[in-house]
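*Asks:* Sharing a structure below in C-alpha cells format, with a few things to ask.
The values are calculated or read from the model by the stated rules, or taken from the named source; none is laboratory data. Since the structure is predicted, the reported quantities are computational estimates derived from the model, not experimental observations. We place every Cβ from the backbone using ideal geometry, glycine too, and count neighbours over all the protein chains shown. Surface accessibility is based on the protein's heavy atoms, side chains included, excluding ligands, DNA and RNA. Shrake-Rupley method; radii C 1.70, N 1.55, O 1.52, S 1.80 Å.
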Amino acid sequence: MYYNEHFHTIKTLANSNFSHNPKNLILMIADGVGLGHISAARIANKGKLNLDHCKYIGLMGTRASNEFITDSAAAATAIATGVKTKNGAVGVDPQYKPLPNLREILEQRGLKTGLVACCSITEATPAAFIAHQQERMLHEAIAGDFMDTEIDFFFGNGREHFIDREDGIDLSLRLAAKGYEVLESIEDLPYVNHGKVAGLMTECPGVDRGRGDYLESVTKEAIRILKKGENGFFLMVEGSQIDWAAHDNDTATTVKELLDFDKCLGEVLEFAARDGETLVVVTSDHETGGMTIHDGDEKSGKVEGAFTTVMHTGVMVPVFAFGPQAEQFIGIYENTDLFQRLKKSILQTEKGLVSVS
Ligand SMILES: [Zn+2]
C-alpha cells in the first residue's frame, strides 16, 4: 500500500523561547493509536511526521477500573478526571459519583475552553470533558450536560442528540439563548469573531470520504477564537476515526486518518512555537487492533500493516509533549497520572502551584 496522495510536508517551526509556565494547553487525543499506527503513518509519510517535533516522550498505561482492556469512555475519564472508572462510564467514578474534569477545573480558573472531534461531540472522548453519566450511550443526556457548562467552543457531529430528542426539547435554541453561535457546518466559522460557538453537524465522514481538511480548519479556528481570552485557554482535539479504521484492521484508512491528525498537529505546533506560552500534549486513550508492521519502505512510502485483534489492547500508549513544561511528561505512568501532570503544568505559576479545590 502506497500513500503518495496523502503525503504531507512537515512544518518548519519558529525558534521559540518558551515561557516558564504555559498559559494555554492543547491536548490532542489520537483515538486508538499505538506505536504500530504511528510507525505505519510515519513510513507512509516518507519517514517524517509533525509528531517528530515533540522531543519529550512518555509511555502510559490505560487499564480501566474493572477490566484490563479499557474502552474509550473509561480511558477518557481517567485522562479528564484522574480517576479510573468502569468501562462505559463517562465522567463518573465506579460508584457513579460525578468527578470534576480538567476542562471544568480550568473553566473555573477563568480559561476559555473548547473541544473538537470528528465524531459525535457526545461520544466518549469529548463527553468525558463535559458530562457525568453512567453510560456512554446516553447521547441525549450527554448533550444535556453541555447546557450546564460555560464551554466556549465545541465542534463535531451528533446534531440529532441536541435537536431531535425524546424529550422534545431543542437544545440548539437553548444554546442560542445562552449566547452561542450555533453552526451546522464549518462554512460560517471563519466569520465568527466573538461569543461562543456550538458546531453541531449532522455528519462527519472519514477523511477519504469527503471530510477534507475539517480537523485542521476547525482546530485553527478554535485557536483563533479561544486565544482571545485573557487568561489562556484549554482545547482538546480528537482524531476520532483512527480507532474505527483500526477496529476494521484497515491499514490504508488507519494511515490516512492518522496522517490527517498529524497535519492538524502541524497547525497546532506552528501556533505553539510562535506563541511560546502553549503546552501541547499528544496522546491516545488506548491502542486498537494490536497493530504492527510487517514490511515498509520510507523512500516509497510503502507500508504493510498487520493486526492481532479487532478489539482494543492493553499495551501502553505513547505521550508526546511540546512547549513549556513539556519535560513533565517523560517516564512511564498511568492515564490517571497524565491528568495530574496536565493539571500541574497548566496551574503551576512562577510562584508555585495554584491550589485547586
Ligand atoms: Zn475503539
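*Asks:* Tell me, how many Å apart are the Cα centres for the range 4-44 and for the range 263-315?
*Replies:* Computed from Cα coordinates, the inter-centre distance equals 8 Å.
*Asks:* On the protein heavy atoms, probe 1.4 angstrom, tell me the percent of accessible surface of the chain carried by carbon and sulfur.
*Replies:* 48
*Asks:* Here is a follow-up. How much mean residue ellipticity at 222 nm does the chain get from its helices, if each DSSP H run of length 4 or more adds -39500 (n - 2.57) and you divide by all residues, to the nearest 500 deg cm²/dmol?
*Replies:* Counting only the DSSP helices, I get -8500 deg cm²/dmol.
*Asks:* Then there's this: Check each of the GluC sites (Glu not before Pro) in the range 135-170 and keep only those in coil by DSSP with at most 13 other C-beta atoms within 10 angstrom; list them in order.
*Replies:* Loop-located and lightly packed - GLU150, GLU166.
*Asks:* Multiply the residue separation of GLN95 and MET137 by 0.36 nm, subtract the distance between their alpha-carbon atoms, and state the gained length in nm to one decimal.
*Replies:* 13.3 nm
*Asks:* Just the number, please: percent antiparallel of the DSSP beta bridges in the chain, rounded to the nearest 5.
*Replies:* Of those bridges, close to 35 percent are antiparallel.
*Asks:* Percent of Cα-Cα pairs more than 14 Å apart in the range 106-189, please.
*Replies:* 63
*Asks:* Mind listing which trypsin sites (Lys or Arg not before Pro) in the range 266-352 are in a DSSP loop and have 15 or fewer other Cβ atoms within 10 Å?
*Replies:* Those that pass, being in a loop and sparsely packed, are LYS299, LYS351.
*Asks:* By Kyte-Doolittle mean hydropathy of at least 0.0 and Cα axial length of at least 27 Å, which whole DSSP H helices of the chain are selected?
*Replies:* TM-like helix candidates: 251-275.
*Asks:* Mind computing the radius of gyration and Dmax over the alpha-carbon atoms of the chain? Å is fine for both.
*Replies:* In Å, with Rg to one decimal and Dmax whole: 18.9, 56.
*Asks:* How much accessible area per residue does the chain have, in Å², with a 1.4 Å probe?
*Replies:* Each residue of the chain exposes 40 Å² on average to a 1.4 Å probe.
*Asks:* Defining a contact as two alpha carbons under 8 Å apart and six or more residues distant in sequence, what relative contact order in percent does the range 4-353 show?
*Replies:* 33
*Asks:* Find the all-direction average of the projected area of the Cα convex hull for the range 211-357, expressing the result in square nanometres with one decimal place.
*Replies:* Mean shadow area of the hull around the Cα atoms is 11.0 nm².
*Asks:* Can you list the lysines whose alpha carbon is less than 22 Å from that of LYS263, not counting same-chain residues fewer than 8 positions off?
*Replies:* Straight-line reach from LYS263, under 22 Å: LYS11, LYS46, LYS48, LYS55, LYS220, LYS227, LYS299, LYS302.
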